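The values are calculated or read from the model by the stated rules, or taken from the named source; none is laboratory data. Small disclaimer: the values here were computed from a predicted structure and weren't measured. Cβ coordinates were reconstructed from backbone atoms using ideal geometry, including for glycine residues, and neighbour counts include every protein chain displayed.
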Amino acid sequence: MRAALAWLLRGASLGTVGFLIFGPILNLALWAVAVQWYFPYKLPLTYGLKYWYEVFKPRSDAIESLTTSILIALFTVAACLALAVPAGYALARGRLPWRGAILLAFLLPQAIPSLAVYFNVARIFYAFHLNGTIAGVVLVHTVHGLVFAVWIAAAAFAAVDRELELAARNMGASALRGFLTVTLPLAAPGIMASAIFVFLESLDEFTGTYFVGVPDVTTLPLLMFTASVAGNYQIAAITALILLVPSVGFMLFIERFLKSDVLAKVGG
Amino acid sequence: MRESRLAMVLLVLPALAVVLALFVYPLSLSVISAFTTKAGEATLDNFIKTAELYRDDIAFTFVIVAISTAFIGATSAAIGGYLVLGENPRAVAVLKWLYRWPLFIPFIVAAQCMRTFLAKNGIMNNTFDTLGIIDVHDAVGLLDWRGIIVTFVWKQTPFVALLVAGAMASLDRATIEAARNLGAGRLRILVEIVLPQVSSAMVVGLILSFVTMLSVLSVPIMISGGAPTMITVDMAFRINSYSDYGVANALGLISYAMTGAAAWVYLRRGVASGGRM
């Protein structure tokens, strides 16, 4: 009797948690396939893929902004890795002066509310004609992503056994060759994780793009925002789903990329 | 090692330069701009105008973010606590699988989910109606300040819970088992033994969430259109409608000050506990 009651309580609590977590996602998914849905009907009146054709028709706004978003995200990953791999290696290996202060500097964009910084960046960009350009948006996304890229890269390099690197050097490999053939491959899973994370952060970024990207750069989040504010629930739901799928996928697979020995060294 | 210090500094320099040029420089520009007129003279007018126009919104923002932070803390303590103290392995596994889902979902998508879920005709009201708890015809949606809090808590709890649960998992279980053998209940073990030992992970997670919530523009616009609203919306309005960088930056400075206050509370607590955090 007591066991049955305990299970009932457990089931009800977990059910409530599940409802609170999945209810909002389910509601979004329903809007994505609803053709007609209005009060007081609890479920859509007619279902269909009508709006999917609209979103995915050739040369639609959605396809264009998805392409823009992916392009920006790829450039951002390239820029972040080019900056973060050397920086992460130096932070992990070298006896850097002011190491703590430097780590803290990379943390700043996460530790200070960034909205006011973004519109001041936009103000600076006017002088360089970077507003409304892909390059301007990539720069803003790079600063935002750099925190994760540098911290994860530093942790990934710190987790690589230093003896292996020394062995390669003792056998006559140059510093660069030792790095490229020994250290980098061993740190690759961590670097890979940070690359995926930076890609996602860039794909999802809204506020910085809102200030710097106007009027010419429309990424998928900006398109979704416009559709939502205009009351196009189906279009907003479909574009939101496109953004949701990679985020959830990353959440489910993160542990395969980020090994616990790397996680333990983040911020160390 | 043969690697010279200079080489190491050179490796860090490009990344550091980008952060300085594109974050620290605009940040200092925003502080200076808050205290100067358009002509470049020193002034406090921006703050006087900000206080006149946005006093309510500043209070509203602080209350929203503070309540959300409290809920996020309580919920992640409950989730972490159940994961570490739960006696039923199957229920623990289910919760572990469940709670992480919103972790990487962007705010803008979370806002769109909630915009439909919390609406008068959303799944929440309709489910309660079906269960006979409310009548949806008399119900109102939660698309106001409550909706903003729900969205923030939904989105940020998994992040803090992940940090807290990680810290809890690496605790020495001997004290927990000892307390359990002495007959302490699970709630008491959580509050008196587990939580004090993970307080630094908890506070770091909460401060990062606090900062994040103060930077989000999409959620207040999409969840609650009306007044009062959050200062992020006011900043965007000052910029887009009036190009009024003075008042917008004064509001920005207030958001930095709120973060500073939160960090100060954290540091003071650290000193009070003898720096053991």
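Is it true that some residue in the stretch A:3-16 is surrounded by 15 or more Cβ atoms within 10 Å (Cβ to Cβ), within 13 Å of another protein chain (Cβ to nearest Cβ) and more than 14 Å from A:M224 (Cα to Cα)? So far as the stretch A:3-16 goes, yes, one or more of its residues are surrounded by 15 or more Cβ atoms within 10 Å (Cβ to Cβ), within 13 Å of another protein chain (Cβ to nearest Cβ) and more than 14 Å from A:M224 (Cα to Cα).
Highlighted here are the helices (runs of 4 or more DSSP H) found entirely within the stretch B:1-116 that include at least 1 residues which are basic (K, R) and within 30 Å of B:D244 (Cα to Cα): B:45-85.
Take the residues in the stretch A:20-47 that are hydrophobic (A, V, I, L, M, F, W, C), within 7 Å of chain B (Cβ to nearest Cβ) and touching a Ser or Thr at 6+ places or on another chain (Cβ under 8 Å); name whichever of them is surrounded by the most Cβ atoms within 10 Å (Cβ to Cβ). It comes out as A:L28. Looking at this structure, is A:A156 in contact with a Pro (Cβ under 9 Å, 6 or more places away or on another chain) and either among the charged types (D, E, K, R) or touching a residue at least 40 places away in the same chain (Cβ under 8 Å) (or both)? It is true that A:A156 is in contact with a Pro (Cβ under 9 Å, 6 or more places away or on another chain) and either among the charged types (D, E, K, R) or touching a residue at least 40 places away in the same chain (Cβ under 8 Å) (or both).
If the condition is being within 14 Å of chain A (Cβ to nearest Cβ) and hydroxyl-bearing (S, T, Y), then the stretch B:1-60 contributes B:S4, B:Y25, B:S28, B:S30, B:S33, B:T36, B:T50, B:Y54. Out of B:A201, B:A250, B:A263, one residue alone is more than 10 Å from every other protein chain (Cβ to nearest Cβ), farther than 30 Å from A:A227 by Cβ, within 23 Å of the chain's Cα centre (by Cα) and among the small types (G, A, S). It is B:A201. The single condition among (1) more than 11 Å from chain B (Cβ to nearest Cβ); (2) in contact with a helix residue (DSSP H, G or I) (Cβ under 6 Å, 6 or more places away or on another chain) that A:A78 does not meet is (2). In the stretch B:136-212, counting only helices (runs of 4 or more DSSP H) that sit wholly within it, the ones holding 2 or more residues that are more than 15 Å from B:L83 (Cβ to Cβ) and basic (K, R) span B:145-169. In the stretch B:121-135, the qualifying residues are those that are within 7 Å of chain A (Cβ to nearest Cβ) and not in a helix (DSSP H, G or I), and the one that is farthest from A:L203 (Cα to Cα) is B:N121. With the structure loaded, tell me whether A:A173 is in a helix (DSSP H, G or I), farther than 19 Å from B:T212 by Cβ, aliphatic (A, V, I, L, M) and in the same structural domain as A:A84 (by TED's automatic domain parsing) or whether it fails that test. Against the criterion (in a helix (DSSP H, G or I), farther than 19 Å from B:T212 by Cβ, aliphatic (A, V, I, L, M) and in the same structural domain as A:A84 (by TED's automatic domain parsing)), A:A173 does not qualify.
Let's see how each residue does on (1) of a type in the set (D, E); (2) within 12 Å of chain B (Cβ to nearest Cβ); (3) over 16 Å from A:A84 (Cα atoms):
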position: A:I124; (1), (2), (3): no, yes, yes
position: A:V143; (1), (2), (3): no, yes, no
position: A:L146; (1), (2), (3): no, yes, no
position: A:A155; (1), (2), (3): no, no, no
position: A:R162; (1), (2), (3): no, yes, yes
position: A:E165; (1), (2), (3): yes, yes, yes
position: A:T181; (1), (2), (3): no, no, yes
position: A:M192; (1), (2), (3): no, no, no
position: A:F197; (1), (2), (3): no, yes, no
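In the set (1) surrounded by fewer than 21 Cβ atoms within 10 Å (Cβ to Cβ); (2) within 24 Å of B:A263 (Cα to Cα); (3) within 14 Å of chain A (Cβ to nearest Cβ), B:F237 fails one condition alone, (2). Can you name the residue in the stretch A:87-101 that is facing chain B (nearest Cβ under 9 Å) and crowded, with 21+ Cβ neighbours inside 10 Å and, of all such residues, is nearest to B:A21 (Cα to Cα)? Among residues in the stretch A:87-101 that are facing chain B (nearest Cβ under 9 Å) and crowded, with 21+ Cβ neighbours inside 10 Å, the one nearest to B:A21 (Cα to Cα) is A:A87.
In this structure, is A:F253 within 9 Å of chain B (Cβ to nearest Cβ), on the phi < 0 side of the Ramachandran plot and either under 14 Å from the mean Cα position of the chain (by Cα) or surrounded by fewer than 22 Cβ atoms within 10 Å (Cβ to Cβ) (or both)? No, not satisfied. Kindly indicate whether A:L81 is surrounded by 20 or more Cβ atoms within 10 Å (Cβ to Cβ) and either at pLDDT 90 or above or not in a helix (DSSP H, G or I) (or both). Judged against the criteria, A:L81 is not a match. Take B:D172 and decide whether it is more than 10 Å from chain A (Cβ to nearest Cβ), charged (D, E, K, R) and in contact with an Asp or Glu (Cβ under 8 Å, 6 or more places away or on another chain). So B:D172 does not fit the description; no. Inspect the stretch A:48-63 for any residue being touching a strand residue (DSSP E or B) at 6+ places or on another chain (Cβ under 7 Å) and either crowded, with 16+ Cβ neighbours inside 10 Å or under 20 Å from A:L223 (Cα atoms) (or both) and give the result as yes or no. Yes, because at least one residue in the stretch A:48-63 is touching a strand residue (DSSP E or B) at 6+ places or on another chain (Cβ under 7 Å) and either crowded, with 16+ Cβ neighbours inside 10 Å or under 20 Å from A:L223 (Cα atoms) (or both). Given the condition touching a Pro at 6+ places or on another chain (Cβ under 7 Å), surrounded by 23 or more Cβ atoms within 10 Å (Cβ to Cβ), hydrophobic (A, V, I, L, M, F, W, C) and in contact (Cβ under 8 Å) with a residue 60 or more places away in the chain, answer yes or no: does some residue in the stretch B:133-155 qualify? Taking every residue of the stretch B:133-155 in turn, at least one turns out to be touching a Pro at 6+ places or on another chain (Cβ under 7 Å), surrounded by 23 or more Cβ atoms within 10 Å (Cβ to Cβ), hydrophobic (A, V, I, L, M, F, W, C) and in contact (Cβ under 8 Å) with a residue 60 or more places away in the chain. In the set B:A34, B:A15, B:A7, only one residue is surrounded by 21 or more Cβ atoms within 10 Å (Cβ to Cβ), of a type outside the set (S, T, N, Q) and under 30 Å from A:A168 (Cα atoms); that residue is B:A15.
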